[in-house]
Structures are given as C-alpha cells and as structure tokens.
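A.B. asks: Structure in structure tokens, see below.
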Amino acid sequence: MALDTILLAVGPGDADRTEELAAAVSEVAGPTGAHVVLAHVFTDEEFDGVVSNLDYDPDGEIDPDEVAQRHATVRHLTRSFDDAGVEYSVRGRVGDHGETIVELAKEVDADRVVVGGRKRSPAGKAVFGSTAQEVMLNAPCPVTFVRGD
C-alpha cells in the first residue's frame, strides 16, 4: 500500500506533544514522499475563543484554514516539517473533533491518520479518549496514535 497522503489531526491538547507528532509523521512522510495534511479541528467554542485572541474583524468572514495556519501548535509543526523537507498543507475545520477528523480523512483520501494523546491509567485505558477512540474505530484507513510524555 502506497502512502500518498497522511492526515495529522491536532487539537487543543496537542500543544505539549508537537515534537513527538512532528517526528512520527516526518519518519514516515520523508522517506515515502507523502503529502501531509495538517488539520486543526476546533469545536464552535474553541474556534470563537481562538478568533477573539487573533483580533479578527467580527463582521468579516472567518476562514477556518487561516485560523488554523495562525494557531501556535500548527506553526510549530509547520516549522518542523519545513526543517525536515516534508510537503504539507494546512486545513482548519469546526465541528466535533472525532467526527470531523474522520470526515476530513475521507475528503483528502488519507492513507494514514495520525492523532495524539496522553498516557492513561489502567482505568482510563478503558475509555481511551473519546476523540482518539472515535477516529480509530471509524477512520477509512489505518490510524497511528502518538502518545505524549
């Protein structure tokens, strides 16, 4: 199976694991020449908060792709990809995290989805994390879970 497109989905909890995510994606995308779609998914509330922090004109149309490109987590990842010579594009979406990631994976015809998460206790493993669990169960392709420290 060829790897042409990798969807790296990030959200509000991924700021502390950008190095791990960038390394995991670069290790695969670099040698295969895969294009990385770096997607930041916001809930409505998260999107409104980020937009207010970025001083957007409230009467103007707000492009989720542009908001994602300006987000600190995405900027850190794009710098890492630039340094590694990995080809990428940035997408922003507003909606339920897990559901929107699965929809975007279908839209970009992803060959692999990469999501991040944190280490869980034995009891927490039973629930795994609603976003990661939903993506793993419903994605149209293999999913790689990158655990942060």
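A.B. asks: Filter segment 70-115 down to the residues that are under 15 Å from V36 (Cα atoms) and either in contact with a Gly (Cβ under 8 Å, 6 or more places away or on another chain) or part of a loop (DSSP other than H, G, I, E, B) (or both) and list them by number.
C.D. replies: A84, G85, V86, E87, V108, D109, A110, D111, listed by residue number.
A.B. asks: Working carefully through the options S80, S52, find the one that is at pLDDT 95 or above and among the small types (G, A, S).
C.D. replies: Sole residue among the options that is at pLDDT 95 or above and among the small types (G, A, S): S80.
A.B. asks: Something else: Tell me which of these V67 doesn't satisfy, since it passes every other one: (1) outside any strand (DSSP E or B); (2) surrounded by fewer than 18 Cβ atoms within 10 Å (Cβ to Cβ).
C.D. replies: Failing condition for V67: (2).
The values are calculated or read from the model by the stated rules, or taken from the named source; none is laboratory data. Keep in mind that what you see is a predicted model, and the values were worked out from it rather than measured. Quick reminder, even Gly has a Cβ in these numbers, built from the backbone with ideal geometry, and neighbours come from all protein chains shown.
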